[in-house]
Structure formats: C-alpha cells, structure tokens
1. Out of (1) buried (at least 17 other Cβ atoms within 10 Å of the Cβ); (2) within 21 Å of Thr100 (Cβ to Cβ), what's the single condition that is false for Ala34?
2. Could you grab me the full set of residues in the stretch 111-146 that are of a type in the set (A, V, I, L, M, F, W, C) and either more than 24 Å from Met98 (Cβ to Cβ) or in contact with a strand residue (DSSP E or B) (Cβ under 9 Å, 6 or more places away or on another chain) (or both)?
3. Please verify whether Thr69 is at pLDDT 90 or above, under 13 Å from the mean Cα position of the chain (by Cα) and of a type in the set (S, T, N, Q), treating the condition exactly as stated.
4. Before we move on, is Ala115 surrounded by 13 or more Cβ atoms within 10 Å (Cβ to Cβ), at pLDDT 85 or above and more than 19 Å from Ser66 (Cβ to Cβ)?
5. Go through (1) farther than 17 Å from Leu165 by Cβ; (2) surrounded by 13 or more Cβ atoms within 10 Å (Cβ to Cβ) one by one and return the number of the condition Gly99 breaks.
6. Can you tell me which of (1) farther than 24 Å from Gly28 by Cα; (2) in a helix (DSSP H, G or I); (3) of a type outside the set (D, E, K, R) is the one Ile128 doesn't meet?
7. What's the total number of residues in the stretch 131-171 that are farther than 16 Å from Gln95 by Cα, outside any helix (DSSP H, G or I) and either at pLDDT below 85 or β-branched (Val, Ile, Thr) (or both)?
8. Would the stretch 8-29 turn up any residue that is assigned by TED's automatic domain parsing to the domain that holds Thr141 and touching a Gly at 6+ places or on another chain (Cβ under 7 Å)?
Amino acid sequence: MMQHIFVGTSVLFPLIIADLNLNYTEFGVVVAAASLIGGLFQIVFSVASRKIARHVLLGFGNILLSFGTFLMGLANSVIYFLGARTIANVGVAPQHPMGTAIVSEKFDRKNIGKAMGIHYGLAYVGNIIGPLFMTFLAAATGWRNTLFVFAVQALIVGLTVIRYLNEDKKLISSSKEGMISSLRSDIISLARTKAESDNCDSGPNPG
C-alpha cells in the first residue's frame, strides 16, 4: 500500500511544474525517464535476490523510495528533480518481484488466492488514499512538506520490513536435482515454457 500511495504524488505535479518553471513536455519526459529506469531495476533486484534476502531488498526499496521522495521535496531544478524521482522509482522496483514472491511462498494452495487478493487489494487502496491525503496536505502545507511527510512514512515501512520480516529466507532457485540454477538456465526454462504454451494453444490442424 505504501508503494502505491507514491502514485498519489501525481496530484502534486501541477504545483511542482509551476514552482520549477517547467512546461508539461519537459516534465513528462522527466517522469517517463524515471519510470523507465525504475522499471528496468526490477530485473536488477530479481537477480540480486539470489544473493541477498528478499525482505532486505524489499525494505531497502522502501528506504530508497523515502530518500528519493525527500530529495524531490528539495528539488529546485529539472535535473535535481529527475535524479530524485529516479531514486524513488528504483525504490518501487522490488515490490512486485520480491513482495509477490514472499506472499506466494508463505501460504498454501488453499489460501494463496485470498492472500494475493488482500495483497493487491490493499495496494489499490493506496491508489485511493494517496491522492486524497496528498491533496489535503498540499493545500495546507505545500507540495514540498507533503513529500517530506510521506518520505518519513516510507522510511518507517522499509525499516519495519527489514526488522520484522527477517524470518524470510533469501530466494534460491533450485533445479530438480537440488542444484542452484543459473540466471541463464532460468531464462532458457522460461523461453521453453512459453514455446510449449504457444504450441499447445495452436492445437492440431483440423484440416
């Protein structure tokens, strides 16, 4: 939910654009570039999870989100804002590969559907309450102070995840023989699964 609350920063964009003397094209490029870099870092965190415990990566992501959000509140130029926004978006990157994997492994097949429903449901609650709270805070204290407040919350969440989710074990992908699989073998396995799925979908030729 904390990750999706970050989406609420979009309601602050008009205030940020006006304060930094940007036009919407410039600002759009900044947001798109930061989002692209952040998205690519999902791969980096997935690979890093082979060596580092996933709950640490997940908590570290929230700490990066906090740091980036705080820096956005200090931004006084487009370059400064781009750097801060990029850090924040990199902080969001671990959520889907790490968070979803942790949830999926902590529940049996009977309860996994309910667990995933709550997991994603609370995320979208963040999409709703984020803009609401940020709108009220921005009206009362300004967009910079609003970002500072939410930076503190993200920091608390990150430290809490690292401290209290420490029973989670780092992700180790194993082959059927119990050997640690390589990134290359995983990619090949995924490609073969996709190919087999495509063949099954095509079915026999009725003619």
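1. Among (1) buried (at least 17 other Cβ atoms within 10 Å of the Cβ); (2) within 21 Å of Thr100 (Cβ to Cβ), Ala34 violates only (2).
2. Scanning the stretch 111-146 gives Leu132, Phe133, Met134, Phe136, Leu137, Ala138, Ala139, Ala140, Trp143.
3. Judged against the criteria, Thr69 is not a match.
4. Here the answer is yes, as Ala115 does meet what is asked.
5. Of everything listed in (1) farther than 17 Å from Leu165 by Cβ; (2) surrounded by 13 or more Cβ atoms within 10 Å (Cβ to Cβ), Gly99 misses just condition (1).
6. (1)
7. Residues meeting the conditions: 3.
8. Yes, the stretch 8-29 has at least one match.
The values are calculated or read from the model by the stated rules, or taken from the named source; none is laboratory data. For clarity, every value in this text was computed on a predicted model and none was experimentally measured. Positions of Cβ are generated from backbone atoms using ideal geometry, with glycine treated the same way; all protein chains shown enter the neighbour counts.
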